[in-house]
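Colleague: Below you will find the structure I want to go over with you.
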Amino acid sequence: MGFVRNCWYAAAWGSELRGEPFHARIIGEHILLFRGEAGQPIALSDTCPHRFAPLHMGKIVGDTIECPYHGLRFNAEGRCAHNPFDPGKRLGAARVRSYPVVERDRFIWIWMGEPERADESLIPDFPWLNQIDIYTMSGEKIMHQPLNYKLILDNLMDLTHGQFLHPTTLGNESIATGTLRTWQEGNRLYSNRWNPDGAAPTLFVLPAVVQAGDRVDYWNEMRWDAPGAYYLEVGVTLTGRPRAEGGFLGSVHMLTPVDEANSVYRYLLFRTFAPGNDEVTKALEAIAEHAFRKEDEPMIAAVQARMAGRDFWEMQPLILKTDQAGILVRRTLDRLRAEEA
Amino acid sequence: MGFVRNCWYAAAWGSELRGEPFHARIIGEHILLFRGEAGQPIALSDTCPHRFAPLHMGKIVGDTIECPYHGLRFNAEGRCAHNPFDPGKRLGAARVRSYPVVERDRFIWIWMGEPERADESLIPDFPWLNQIDIYTMSGEKIMHQPLNYKLILDNLMDLTHGQFLHPTTLGNESIATGTLRTWQEGNRLYSNRWNPDGAAPTLFVLPAVVQAGDRVDYWNEMRWDAPGAYYLEVGVTLTGRPRAEGGFLGSVHMLTPVDEANSVYRYLLFRTFAPGNDEVTKALEAIAEHAFRKEDEPMIAAVQARMAGRDFWEMQPLILKTDQAGILVRRTLDRLRAEEA
Amino acid sequence: MGFVRNCWYAAAWGSELRGEPFHARIIGEHILLFRGEAGQPIALSDTCPHRFAPLHMGKIVGDTIECPYHGLRFNAEGRCAHNPFDPGKRLGAARVRSYPVVERDRFIWIWMGEPERADESLIPDFPWLNQIDIYTMSGEKIMHQPLNYKLILDNLMDLTHGQFLHPTTLGNESIATGTLRTWQEGNRLYSNRWNPDGAAPTLFVLPAVVQAGDRVDYWNEMRWDAPGAYYLEVGVTLTGRPRAEGGFLGSVHMLTPVDEANSVYRYLLFRTFAPGNDEVTKALEAIAEHAFRKEDEPMIAAVQARMAGRDFWEMQPLILKTDQAGILVRRTLDRLRAEEA
């Protein structure tokens, strides 16, 4: 249990920060996000140090936020910039925590640990999200889920549950076959499944990436960066042909822990096939929404309820061969936590 | 607080086990119940040892249950009978707890303690429930109540509350008079009240068991078996005549603790009078439903809220003479708990 | 945290005690209030010592309360006056706590501490509430609020929040100017603001106490008695003229802690101006209702949620000059608690 602090969390889609103060709870902390006059993101502790009012209930005044209760104003560094009852005096003690924050690849990234260790080069890259000329994109999706983020990662890292939990959509018996290769580079994990020379999956026959009778090479490739940044690519090409001749569906899944029992799950789908076709986009969005909300979420919620606050390892889970990637994710997070302690 | 384990609990009416997996929470444990191919009841821990999914959300496959999340199957002994990702291999470690279970007198009985001590001869007998040729029966009733089962037993073991809590239905001032004899045989308790040569109670005048002006002998007899099996018989006959010439209303009340704060209360009424008369059956069902749901349950819930999780004995209850049977029930349960500790 | 016990709490408006038993939870204790045959208020512990039924669910019989579950009756001293199952016998052990209680200035006052220290002369006086021939009164208002009473006191003791939280009604920038004098007499605190020779506030121009162009002397005066009795008077008169020539709005705010997270807030407004004018009364009631319910309550609830059960002092609040009165209130309550410990 507990959370890694010295890492970048996705606090929001950039598009979520408009003209109003934005409240996020991340690893149990209340955060205020807003844009300054130049559009730059600012992240502060959301709790006024005077009488603990939530600052996001206040209003943005230039590059400052004004407390809704007694009107103290705090700037991007978290210093009190104005006290309406004593306007000439600096309030040295009136200060809120300021968090390093970066906007990149459509996301607002926040560093929850020691500010001096915040290194932008550690932000995982999602270059696809900017390549709107190459890919056809879904909307930017947001789900608030009453789920521990590690239980969602367990689900994402092992796609074998598809045939039982998503039998009519994402179910895919070949996910349990083929060659699986899982490896780690630093805190990044790859887990790639390769199914050469098989039948064409329905997902790619429908949009005519391949034809029903074709033999295809099929890949399922995932990449995870601590703590909650996940990329999945599923694609096909005719047997033996280069991938570039086939097509794929990519998806970004960004998990932000609210606390031990809740998460925000942001995702986006993009693809090479059926370019600009809104009906295909809507159909894919509907499949994802149904699978995540109606199938995964109730199952993970049931698991979480059954765990009743107990630690995963203390419950001595049975570990199957297919759990390898999920177990590596948990061990990586445990190691990072231990290093901080 | 806490529960006796080495005893038989009524897990369900037999009729509750149909073609679907059935979930019960008993003394805090999640139990899966289902019928095997021959109709035999099977009881397993409801939590998959792999990722803790509730097994009752899965499906019955022959004499096994298939986990809804990743498809592991468990048989009546709780052993893993199938792993879809490694079909040839036995999963010795993949095991759920199996509970001794017996179907008898319309109930499914489960043994929550050490399996080797499960002795079917300890199941309390309810022969009346099978005598459909002798008695006219109500339906099999089920109430899920947010009540500790001992507080319900306090209520059942002392009927003097009737005149205050059920003044228009079960209230009966003569319950506080007559001769009361309470005795114990092992873990079974009897408490019989005998009111000879009195006025005829309305309950038996209405269905014409006796007439309004008659003098009658009147009995109220209860039997309790640990932990929650209760039988009550209320009857009249003309003064000095054999009971068989009069008539009685019998009722079975079966309490199954869900946890410290919740119970399932199953009951059934049967009678000798007005045989086959559906209107009388419906009237009696309505009286019981009203008394249990609208009068007893709110009062016991208020008591439970007022206790606020504190132990009954630590609150130093005032004990009246009329509490004798209820106190014996609590002491018996305390003794059985102490013997197990 | 915790509560002062040896003091008078306002348990109810006198008008709340009618013919039915009245339940109040005060500093965590369940209290039964009712009037005896002569109309005198009686306060007992609300929990029957037999089976812990809430006595307020029972019925008043003369000067006694009858338990709703088994019919025991308790008198004003809390002694058992009747046991229906053993009518001739005194039940010495059957006793509930009796609380000193006094009706004065429209309120029912209860002493929660050691009965022998209950001194009626310590009840704070609210003479205005009886002067219906002098003042025009609002109704007797009652709000059940999910708020710690000290957080409500913080709000009442510092009116500078008005311009931020009540900008369209009670907001008043001059509250931050003028002369503020705060002093203590025993456990009573006064905090008076004096704004001489200024523009006429809208609140008093609308009902024509003064005219729009007038120069006025303006006072805001508050009085607090531990633990939750607060009086506020806001008035104007033409510059240099006696107060009696002007007019004022008085208000009584009575806070009764239910527990650490809940309070009952009773209030009443009265005034010298627009006598007998129901429309003015309704307008003032609407302003107060809106300010307390729609502006103060959500803000204080947000603060309370943000504090998440932590102690005010341990959170090391920033203290502004304008917090002086509120801080004195908290220190007085802390001192009274410490003296009792």
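The values are calculated or read from the model by the stated rules, or taken from the named source; none is laboratory data. All values reported here derive from a predicted model rather than from experimental measurement. As a convention, Cβ positions derive from the backbone with ideal geometry for all residues, glycine included, and neighbour counts pool all protein chains shown. What goes into the accessible areas is simple: the full protein's heavy atoms, side chains included, and nothing from ligands, DNA or RNA. Shrake-Rupley method; radii C 1.70, N 1.55, O 1.52, S 1.80 Å.
Colleague: Return the only residue of A:Glu295, A:Glu289 being surrounded by fewer than 20 Cβ atoms within 10 Å (Cβ to Cβ) and assigned by TED's automatic domain parsing to the domain that holds A:Arg181. Show your work before the answer.
Modeller: Values: A:Glu295 fails: surrounded by fewer than 20 Cβ atoms within 10 Å (Cβ to Cβ).
Testing whether each residue is surrounded by fewer than 20 Cβ atoms within 10 Å (Cβ to Cβ) and assigned by TED's automatic domain parsing to the domain that holds A:Arg181 leaves just A:Glu289.
Colleague: Are there any strands (runs of 3 or more DSSP E) wholly within segment A:33-118 with 3 or more residues that are free of Cβ contacts under 8 Å to residues at least 24 places away in the same chain, facing chain C (nearest Cβ under 10 Å) and over 30 Å from A:Gln131 (Cβ atoms), and if so which? I'd like the intermediate steps shown before the answer.
Modeller: Details: elements: A:41-45, A:59-61, A:64-66, A:80-82, A:101-104, A:107-111.
Per the criteria, no element qualifies.
Colleague: Can we say B:Phe3 is within 22 Å of B:Asp119 (Cβ to Cβ) and among the hydrophobic types (A, V, I, L, M, F, W, C)?
Modeller: Details: within 22 Å of B:Asp119 (Cβ to Cβ): yes; among the hydrophobic types (A, V, I, L, M, F, W, C): yes.
Considered against the rule, which asks whether it is within 22 Å of B:Asp119 (Cβ to Cβ) and among the hydrophobic types (A, V, I, L, M, F, W, C), B:Phe3 comes out as yes.
Colleague: Just give me the residues in segment A:58-75 being over 15 Å from C:Thr160 (Cα atoms) and of a type in the set (Gly, Ala, Ser), in sequence order.
Modeller: Once the filter is applied, which keeps residues that are over 15 Å from C:Thr160 (Cα atoms) and of a type in the set (Gly, Ala, Ser), segment A:58-75 yields A:Gly58, A:Gly62.
Colleague: Does B:Leu249 count as open to solvent by 10 Å² or more (accessible area, probe 1.4 Å), without any contact (Cβ under 8 Å) to a residue 60 or more places away in the chain and assigned to a strand (DSSP E or B)? So that I can check it myself, show each step before the final result.
Modeller: On the way: open to solvent by 10 Å² or more (accessible area, probe 1.4 Å): yes; without any contact (Cβ under 8 Å) to a residue 60 or more places away in the chain: yes; assigned to a strand (DSSP E or B): yes.
So B:Leu249 fits the description; yes.
Colleague: Separate question: Please specify each residue of segment A:130-168 satisfying the condition of being at pLDDT 95 or above, in contact with a Leu (Cβ under 7 Å, 6 or more places away or on another chain) and more than 26 Å from A:His30 (Cα to Cα).
Modeller: Hits for segment A:130-168 are A:Met137, A:Ser138.
Colleague: OK, next. Can you confirm whether segment B:302-321 contains a residue that is assigned by TED's automatic domain parsing to the domain that holds B:Tyr231, touching an Asp or Glu at 6+ places or on another chain (Cβ under 7 Å), open to solvent by less than 60 Å² (accessible area, probe 1.4 Å) and of a type in the set (A, V, I, L, M)? Full working, then the answer.
Modeller: Of segment B:302-321, the ones assigned by TED's automatic domain parsing to the domain that holds B:Tyr231 are B:302-321.
Checking the rest, the ones that are also touching an Asp or Glu at 6+ places or on another chain (Cβ under 7 Å) come to B:321.
With open to solvent by less than 60 Å² (accessible area, probe 1.4 Å) added as a condition, the list becomes none.
Within segment B:302-321 (the criterion being assigned by TED's automatic domain parsing to the domain that holds B:Tyr231, touching an Asp or Glu at 6+ places or on another chain (Cβ under 7 Å), open to solvent by less than 60 Å² (accessible area, probe 1.4 Å) and of a type in the set (A, V, I, L, M)), the answer is no, since none of the residues qualifies.
Colleague: All but one of (1) farther than 30 Å from C:Asp133 by Cβ; (2) modelled with pLDDT under 95; (3) under 19 Å from the mean Cα position of the chain (by Cα); (4) of a type in the set (A, V, I, L, M, F, W, C) hold for C:Ala341; which doesn't?
Modeller: So C:Ala341 meets the others, but not (3).
Colleague: Step by step: first the residues of segment B:182-191, then only those that are in contact with a Lys or Arg (Cβ under 8 Å, 6 or more places away or on another chain) and open to solvent by 30 Å² or more (accessible area, probe 1.4 Å), then the one that is nearest to B:Leu238 (Cα to Cα). Which residue is that? Let's see the steps before the verdict.
Modeller: Of the residues in segment B:182-191, the ones in contact with a Lys or Arg (Cβ under 8 Å, 6 or more places away or on another chain) are B:188-191.
Applying the additional criterion that residues be open to solvent by 30 Å² or more (accessible area, probe 1.4 Å) yields B:188, B:190.
Values: B:Arg188: 30, B:Tyr190: 24 Å.
Residue satisfying both the conditions and the ranking: B:Tyr190.
Colleague: For A:His23, are the conditions met, namely being part of a strand (DSSP E or B) and either of a type in the set (S, T, N, Q) or under 16 Å from C:Met299 (Cα atoms) (or both)? Steps first, answer last, please.
Modeller: Numbers: part of a strand (DSSP E or B): yes; either of a type in the set (S, T, N, Q) or under 16 Å from C:Met299 (Cα atoms) (or both): yes.
Here the answer is yes, as A:His23 does meet what is asked.
Colleague: Give segment B:226-246 a look and list any residue that's in contact with a Leu (Cβ under 9 Å, 6 or more places away or on another chain) and assigned to a loop (DSSP other than H, G, I, E, B), or say none.
Modeller: Let us first name the residues in segment B:226-246 that are in contact with a Leu (Cβ under 9 Å, 6 or more places away or on another chain), namely B:226-230, B:232-236, B:245-246.
Those that are in contact with a Leu (Cβ under 9 Å, 6 or more places away or on another chain) and assigned to a loop (DSSP other than H, G, I, E, B): B:Ala226, B:Pro227, B:Gly228, B:Gly246.
Rundown of residues vs (1) outside the structural domain of A:Leu333 (by TED's automatic domain parsing); (2) at pLDDT below 95; (3) buried (at least 19 other Cβ atoms within 10 Å of the Cβ), yes/no style:
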position: A:Leu180; (1), (2), (3): no, yes, no
position: A:Pro207; (1), (2), (3): no, yes, no
position: A:Asp214; (1), (2), (3): no, yes, no
position: A:Glu221; (1), (2), (3): no, no, no
position: A:Trp224; (1), (2), (3): no, no, yes
position: A:Pro227; (1), (2), (3): no, no, yes
position: A:Leu232; (1), (2), (3): no, no, yes
position: A:Val258; (1), (2), (3): no, no, yes
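Colleague: Quick one: would you say B:Met143 is more than 14 Å from chain C (Cβ to nearest Cβ), over 26 Å from B:Ala325 (Cα atoms), of a type in the set (A, V, I, L, M) and touching a Ser or Thr at 6+ places or on another chain (Cβ under 9 Å)? Show your work before the answer.
Modeller: Details: more than 14 Å from chain C (Cβ to nearest Cβ): yes; over 26 Å from B:Ala325 (Cα atoms): no; of a type in the set (A, V, I, L, M): yes; touching a Ser or Thr at 6+ places or on another chain (Cβ under 9 Å): yes.
Taking the combined requirement at face value, the residue does not satisfy it.
Colleague: Related question: I'd like the full set of residues that are touching a residue at least 24 places away in the same chain (Cβ under 8 Å), in a helix (DSSP H, G or I) and of a type in the set (D, E, K, R), limited to segment B:294-341.
Modeller: The answer is B:Glu295, B:Asp296, B:Glu297, B:Asp323, B:Arg330, B:Arg337, B:Glu340.
Colleague: Out of all the residues in segment A:24-68, which are under 27 Å from C:Asp311 (Cα atoms), open to solvent by less than 10 Å² (accessible area, probe 1.4 Å) and of a type outside the set (A, V, I, L, M)?
Modeller: A:Asp46, A:Cys48, A:His50, A:Phe52, A:Pro54, A:Cys67, listed by residue number.
Colleague: Can you report the number of residues in segment A:260-275 which are part of a strand (DSSP E or B), open to solvent by 10 Å² or more (accessible area, probe 1.4 Å) and farther than 20 Å from A:Asp125 by Cα?
Modeller: 1
Colleague: Okay, next question. Of the residues in segment C:76-94, how many are buried (at least 19 other Cβ atoms within 10 Å of the Cβ) and more than 20 Å from B:Met315 (Cα to Cα)?
Modeller: Number of matching residues: 2.
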